[in-house]
1. D74 versus (1) free of Cβ contacts under 8 Å to residues at least 24 places away in the same chain; (2) buried (at least 22 other Cβ atoms within 10 Å of the Cβ): which is the lone unmet condition?
2. Only one of these conditions is not met by G62: (1) more than 16 Å from ligand 3 (Cβ to nearest atom); (2) open to solvent by 10 Å² or more (accessible area, probe 1.4 Å); (3) part of a loop (DSSP other than H, G, I, E, B). Which number is it?
3. Check segment 406-425 and report whether any residue there is at pLDDT 95 or above, within 16 Å of ligand 1 (Cβ to nearest atom) and open to solvent by 50 Å² or more (accessible area, probe 1.4 Å).
4. Out of all the residues in segment 134-171, which are out of contact with any helix residue (DSSP H, G or I) (no Cβ under 8 Å at 6 or more places or on another chain), over 24 Å from T322 (Cβ atoms) and of a type outside the set (A, V, I, L, M, F, W, C)?
5. With respect to M373, determine if the residue is surrounded by 24 or more Cβ atoms within 10 Å (Cβ to Cβ), outside any helix (DSSP H, G or I) and within 14 Å of ligand 1 (Cβ to nearest atom).
6. Name the one entry in G208, G175 that is small (G, A, S), away from ligand 1 (no atom under 16 Å from the Cβ) and surrounded by fewer than 17 Cβ atoms within 10 Å (Cβ to Cβ).
7. Would you confirm whether any residue within segment 381-399 is within 16 Å of ligand 3 (Cβ to nearest atom), over 28 Å from R7 (Cβ atoms), part of a loop (DSSP other than H, G, I, E, B) and not aromatic (F, W, Y)?
8. Count, please, the residues in segment 176-195 that happen to be within 16 Å of ligand 3 (Cβ to nearest atom) and assigned to a helix (DSSP H, G or I).
Amino acid sequence: MRDNFPRFGERVMRRLDELAADTDEPGKITRLFLSPSHKRAMARVRGFMEAAALSVEEDDIGNVVGRLESSVPDAPVFILGSHIDSVRDAGRYDGGFGVLSAIEVADEIRRRGDKLPFSLEIVAFGDEEGVRFPATLSGSRALAGNFDFESLGAKDENGVSLAEALRGFGCNIEGIGKIARDPRRACGYLESHIEQGPVLEAENLALGVVTAIAGMCRLNVTVEGEAGHAGTVPMGRRKDPLAGSAAMISAVEDEARRTPDVVATVGVIEASPGAINVIPAKVRFSVDLRAPVDEVRERAKAKVEARLSSIATKRGLSIGFTPLDEAKATPCDPGMMRELSDALARQGHRVFTLPSGAGHDAMAMARLCPVAMLFLRCKAGISHNPAEAITVEDAQAAIEVMLDFILHFRPTAHAEATEERSVSQGGRPAVVAQISSLDTTPLSR
Ligand code: HGY
Ligand code: MN
Ligand code: MN
């Protein structure tokens, strides 16, 4: 395939540069769920899908779905995709690569006239990052049939609820329940994504097969003390929630450092009333805690909460924990991993497997069907950062492997293997328990 395969890597790189222009922060890439830039990006991706002669629809949770119909009557569907929302000041490859590479695969299959025993759906999910609302994976959870309708009440930093934002975006809330795909018809999901870590580069490999995706939980910690005059309250009489939060944030980091395989991050902090000469009254900070094994993560979370509570007690502060979201660790399907490894080998790559510390839409899609992920090397493992970088050669290699995988995938053989596995393991891994707490209203200034 290598010789007569047009260099679609160049087109993907060019299109990713075009997609980068869809931002709500000029000079940076910030494309939050249901934002004006998300709407522009959807239109752009729709255009790419239509240029590949896919039939395109936009669903009621803000996904764009392109479809290549199989000539086989009543054929099942194989899903490819990733997300087009971003973090703030993001890189241009996180998510978008998985969508645009999938469009190249569908376009090449159509161009060559290959007959597949399944239809192909290419999905551009609208909310993987969960930056705007305290919910993540809304688009893929809806497609997989386990959207958390309680999250419709969750509010963004401006107090806009998810339901209001969806309506303002032109979505029909009542249509969300109809997005779910039939698990008996979905024969698999493959997501290609940048690794967002340094392992492939260190192995001098372009591509890798993901074994499992780490589980994560997100919570807000609210610490309350006593506002006071910065000049008159003696240090020994203060109940300073910001100084207390500093000790707590160090404890979060310390707990993660001392627990193998656990990572924890405080990414957001707010203090009120927020004046230079006022001892703060209240602080809220976020915690994102992950581990490849759920029990390890849950134990670490309990220890973090215990340590933070004891710091609060010692300092005469009050503390509250508000769970925001949780996604359980998700193993990739062994059969799909084998088939992806075979495609890598056929395309001349050394087969290398690795876990994912980052979350992905595949976590939600695992609820619907067997999933696999193809990782692409990224420069110095940098991601969630405008310095994110990949090469056109690696992009080309990934599309060649994805195409090879799709051309060789046979749902029937796979369905039996999956059925046996599913019965032996008591069904699909429970993917997510989304706790949509409403405590994201901005601190009163
Ligand atoms: O946070 C994550 O792991 C993903 O980038 N949303
Ligand atoms: Mn991503
Ligand atoms: Mn991301």
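1. If we test D74 against (1) free of Cβ contacts under 8 Å to residues at least 24 places away in the same chain; (2) buried (at least 22 other Cβ atoms within 10 Å of the Cβ), just (2) comes out false.
2. (2)
3. Filtering segment 406-425 down to residues at pLDDT 95 or above leaves 406-409.
From what's left, within 16 Å of ligand 1 (Cβ to nearest atom): none.
Taking every residue of segment 406-425 in turn, none turns out to be at pLDDT 95 or above, within 16 Å of ligand 1 (Cβ to nearest atom) and open to solvent by 50 Å² or more (accessible area, probe 1.4 Å).
4. Of everything in segment 134-171, those that are out of contact with any helix residue (DSSP H, G or I) (no Cβ under 8 Å at 6 or more places or on another chain), over 24 Å from T322 (Cβ atoms) and of a type outside the set (A, V, I, L, M, F, W, C) turn out to be G145, G168, G170.
5. Numbers: surrounded by 24 or more Cβ atoms within 10 Å (Cβ to Cβ): yes; outside any helix (DSSP H, G or I): yes; within 14 Å of ligand 1 (Cβ to nearest atom): yes.
Judged against the criteria, M373 is a match.
6. G175
7. As a first pass, look at segment 381-399 and keep what is within 16 Å of ligand 3 (Cβ to nearest atom): 381-390.
Retained after the next criterion (residues that are over 28 Å from R7 (Cβ atoms)): 384.
Then keep just the ones that are part of a loop (DSSP other than H, G, I, E, B); that gives 384.
Then drop every residue that is not not aromatic (F, W, Y), which leaves 384.
The answer is yes, given that some residue of segment 381-399 is within 16 Å of ligand 3 (Cβ to nearest atom), over 28 Å from R7 (Cβ atoms), part of a loop (DSSP other than H, G, I, E, B) and not aromatic (F, W, Y).
8. As a first pass, look at segment 176-195 and keep what is within 16 Å of ligand 3 (Cβ to nearest atom): 191-195.
Pick out the ones that are also assigned to a helix (DSSP H, G or I) and you get none.
The number of residues fulfilling the criteria is 0.
The values are calculated or read from the model by the stated rules, or taken from the named source; none is laboratory data. As the structure is a prediction and not an experimental result, all values here were calculated from the model. Here Cβ is always computed from backbone atoms with ideal geometry, including for glycine, and neighbour counts include all displayed protein chains. Only protein heavy atoms, including side chains, enter the accessible area calculation; ligands, DNA and RNA are left aside. Shrake-Rupley method; radii C 1.70, N 1.55, O 1.52, S 1.80 Å.
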